[in-house]
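The values are calculated or read from the model by the stated rules, or taken from the named source; none is laboratory data. Not measured: the values here are computed from a predicted model. Cβ atoms come from the backbone with ideal geometry, glycine included; neighbour counts cover every protein chain shown. In case anyone asks, the SASA skips ligands and DNA or RNA and just uses the protein heavy atoms, side chains included. Shrake-Rupley method; radii C 1.70, N 1.55, O 1.52, S 1.80 Å.
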Amino acid sequence: MPDRESIVNAAILGVLVLGVAIAAHGGEIYYINLASRIAIIAMAGVGLNLALGYGGMVSFGHAAFFGLGGYVCGVAAFHAFEESLFAGLMPGTNQMLVIWPIAALVSGFAALLIGLISLRTQGVYFIMITLAFAQMIYYFAISFPTYGGEDGLPIYLRNELPGVDTSDALSFFGIALTLLLISLALSWRVIGSRFGAALIMARLNETRLATSGIEPFPVKLTAFVLSAMITGLSGALYADWNNSVGTNMLSWQLSGEIMVIVILGGVGRLFGPLAGAILFVGLETQIGSATEHWQLFLGLILLLVVLFARGGLIGALAGRARHV
């Protein structure tokens, strides 16, 4: 018999899918696109949750990986549109199946370099180093006029996936949902493995993990890289959804938003990022249409979650987590 959290997870996923079905029946393209955005930023949250929720790595630099994935998509589309086989940083292509692995690998390589330095520190030092590296990448993108600089890059036509009409809102939502479910399944498999147990122990007590014969540093570094690859893949998908990529995808504010989403849904909860993304986008859309100060209400809700519901929305509905 499924436990309470599994039922809550299924209900949250069901809300998203049912909402899209109703919107599709009514021809409401706007809400289908909104659901695609929810799925994409939830996927970025799944990446951060792997590092933060299970590994205890409070990263304020995940926007760097999100933005790098977006720029891989934008640069590839830019060169494909220019009909150049090879120019600049990478060859041009408009094929998602080519762009996605490159986006994940580029983000993972960046995380490897950042992690080799930042994971030798802890606490506020780790936070500041990840933030500093993210800002370095942000300012590098601004000062690179070949790819738009501060104005970013437009993606005139959405990249292609064999057998799928990616310009169709419902089809694109199917792509975003599929990648979200794959990232959730991967996260679940990792956390349920021996590696996941080592990662959780590295968060709880590194000394005890080391005395068992397992070095905490490689475990945390591997999780950090995997986390970045998932976030980078979501960034590539977001660039296609938004039909553009810009330096806003690399900003520290976006790192904060992804973290807020994870906290709202539930740190260390498998479906926490999805629950948080639904709540975040819902507040932004509904309250934001009434007042430009909607972040005030978001801040109040975040404060209540931190004070009274540390398990986030899923924790409030499902009770105590097994891994936290």
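Brief remarks on what is shown
- The chymotrypsin sites (Phe, Trp or Tyr not before Pro) of the range 122-186 that meet both conditions, a loop assignment by DSSP and at most 12 other Cβ atoms within 10 Å of the site Cβ, are Y156.
- Kirkwood Rh in Å, taken over the range 1-151 so that all alpha-carbon pairs contribute: 18.1
- Value of Rg to Rh for the range 192-244 (Rh from inverse mean 1/r over Cα pairs, i.e. Kirkwood): 1.23
- Carbon plus sulfur fraction of accessible area for the chain, probe 1.4 Å, in percent: 67
- Taking amide H positions as modeled 1.01 Å from N, with prolines and chain starts lacking one, the residues under 5 Å from V245 and 5 or more places away or on another chain are L153, I155.
- Theoretical FRET efficiency, 1/(1+(r/R0)^6), r = Cβ-Cβ of L307 and V98, R0 30 Å, to 0.05: 0.05
- Loop sites by DSSP among the GluC sites (Glu not before Pro) of the chain, restricted to those with at most 13 other Cβ atoms within 10 angstrom, leave 84-291 as the longest stretch without any of them.
- Length-normalised contact order for the range 114-194 - Cα pairs under 8 Å, 6+ apart - percent: 10
- For the chain, relative contact order (Cα pairs under 8 Å, six or more residues apart, normalised by length) works out to 32 percent.
- Cα-projected label distance for T178 with Q253, points at 7 Å along beta-carbon direction, nm: 3.4
- Measuring r between the beta carbons of L300 and V164 and using R0 = 51 Å, the FRET efficiency lands at 0.80.
- Across the range 1-124, the relative contact order, built from alpha-carbon pairs under 8 Å that are at least six residues apart, equals 16 percent.
- Summing Lys and Arg as +1 and Asp and Glu as -1 over all other residues whose Cβ lies under 13 Å from the Cβ of L237 gives a net charge of +1.
- Label-to-label distance, nm, for residues given as E28 and F81 (7 Å Cα→Cβ offset): 3.1
- Three-way shape label, the range 221-324, alpha-carbon gyration tensor, a/c 1.5: oblate
- Calculated on C-alpha atoms, the gyration radius of the chain divided by its Kirkwood radius gives an Rg/Rh of 0.96.
- In the context of the full set of protein chains, the range 193-324 has a per residue accessible area of 46 Å² (1.4 Å probe).
- For the chain, a crude dipole built from +1 on the beta carbon of Lys and Arg and -1 on the beta carbon of Asp and Glu, taken about the Cα centre, is about 1380 debye to the nearest 20.
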